[in-house]
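To start, the structure itself, in structure tokens.
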Amino acid sequence: MVLRVNSDEARRERAEGVVRELFTSAGIGFEGKNPGDIVVNNPLFYERLLAEASIGLGESYMDEWWTCEDLELFFEKILRADMTKKITGDWRMRLITLHSILFNRQSRARAYEVAEKHYDIGNDLYKVMLDKRLVYTCGYWKNAKNLQEAQDAKLDLICRKVGLQPGMTVLDLGCGWGGLAMYAAEKYGAKVVGVTVAKEQVKLAREMAGNLPCEFRLQDYRDVYGQFDRVWSIGLLEHIGHKNHRKLMEVVHRNLKPEGVALLHTVGNNESLRHGVPFIEKYIFPNACAPSVAQLGKAMEGLFVMEDWHNFGPDYYHTLMAWWQNFKDGYHLLDQKKYDRRFYLMWQWYLLSAAGSSLARDGQLWHIVITKQGRKQPDCRFS
């Protein structure tokens, strides 16, 4: 018995030594004295991290085994030090990678999973966190002083980039709560069809639209057939998986008129991946993985001319921090049984890990304007 106790203590000490060395190399302390430092509340944290890697890191935070005052700075340091590749114990990551190679993880049968797990959890949550238009994608902060100004600027930027004119028909793939569709109808006189797989989004979008010329459908993007002057996809590419990048481009191509203009708004990765972050896959966005430049280039090859590629990735940090501040300030308004303490910590992890990724320049935000081959080059380079 004594030998077993000593063995357990020795193992824990070795684990603590390894983790402390890794974190120290990334500039992360353990006394909570500096921004991004952590404080460990449970000595089993070190073994859990080495055994479960990113999943263990996130779940132990949700279990309050450790705390951090500036979580976004913690993630920035982790990513800048490339520490995620130094911790290799996560068997879930290897399983997800293998599965994504062999199977299409965003088939029609699974397309509604992210809606059920994320977007349909409650409009009450998103009304607290987002702007008044319920726009759930990165804002444009060039001249903005607050979230609403940033989101309105982003919506207007999209409309200007595609050259939207009164009376034009628009297909909005992954329309969310319809913020952009309603903006385009109200400000530019467009007629918009929006599709989403989230039931709660469609229900609320229809209520908010009133008499505006907007039609919102509960429909998979792959099932849309029509002819539109403009097509845009705002925040959909991140959710469909690498095996469906080409399919989305084909959908845009078949629905876009020959003289039309399309725009893709997406979070982007610096390298081509087949899986997302395991914690985000499990708790936030099932089956999601942001695309790379190479993956998107291959997907649109032979279908489109790339007219403009605009990166305003750093703006995502400001958007995420604004969402976090809104969520934190409005949390008391939410049902505490539905959104309990563990949910609060999970949501904090989600928002601030993404903010840290933006700070570290690990994640990007792209506007890509595309046209069919042979069309005259549009005037689309606005900023």
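The values are calculated or read from the model by the stated rules, or taken from the named source; none is laboratory data. Being a predicted model, the structure only gives us computed values, none of them experimental. Methodologically, a virtual Cβ is constructed for each residue, glycine included, from the backbone with ideal geometry; neighbour enumeration extends over all protein chains shown.
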So is Ala150 in the same structural domain as His253 (by TED's automatic domain parsing), touching a Lys or Arg at 6+ places or on another chain (Cβ under 9 Å) and touching a residue at least 24 places away in the same chain (Cβ under 8 Å) or not? yes
Test result for Gly36, assigned to a loop (DSSP other than H, G, I, E, B), buried (at least 19 other Cβ atoms within 10 Å of the Cβ) and on the phi > 0 side of the Ramachandran plot: yes
What about His332, is it more than 29 Å from Phe228 (Cβ to Cβ) and not in a helix (DSSP H, G or I)? no
For residues in the stretch 213-265 being part of a strand (DSSP E or B) and acidic (Asp, Glu), which is nearest to Cys175 (Cα to Cα)? Glu215
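Quick grid of which residues meet (1) in a helix (DSSP H, G or I); (2) surrounded by fewer than 20 Cβ atoms within 10 Å (Cβ to Cβ); (3) touching a His at 6+ places or on another chain (Cβ under 8 Å):
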site	(1), (2), (3)
Ile28	no, no, no
Gly32	no, yes, no
Pro43	no, yes, no
Tyr46	yes, no, no
Ser60	yes, no, no
Phe75	yes, no, no
Filtered residues of the stretch 258-300 (kept if among the aliphatic types (A, V, I, L, M), surrounded by 20 or more Cβ atoms within 10 Å (Cβ to Cβ) and within 13 Å of the chain's Cα centre (by Cα)): Val267, Val277, Ile284, Ala288, Ala290
Restricting attention to the stretch 170-195, report how many residues are surrounded by fewer than 24 Cβ atoms within 10 Å (Cβ to Cβ), over 19 Å from Ala153 (Cβ atoms) and aliphatic (A, V, I, L, M). 2
Which residue, of Gly330, Gly297, Gly356, Gly374, is small (Gly, Ala, Ser), out of contact with any Gly (no Cβ under 8 Å at 6 or more places or on another chain) and more than 25 Å from Lys154 (Cα to Cα)? Gly374
Would you check if Gly139 is small (Gly, Ala, Ser), in the same structural domain as Ala290 (by TED's automatic domain parsing) and on the phi > 0 side of the Ramachandran plot? no
If a residue has to be under 15 Å from Asn311 (Cβ atoms) and either in the same structural domain as Val293 (by TED's automatic domain parsing) or crowded, with 20+ Cβ neighbours inside 10 Å (or both) to count, how many in the stretch 361-383 make the cut? 9
Ser383 versus (1) under 14 Å from Glu76 (Cβ atoms); (2) part of a loop (DSSP other than H, G, I, E, B): which is the lone unmet condition? (1)
Residues of the stretch 347-370 being of a type in the set (Gly, Ala, Ser) and outside any loop (DSSP other than H, G, I, E, B), in sequence order, are Ser353, Ala354, Ala355, Gly356, Ser357, Ser358, Gly363
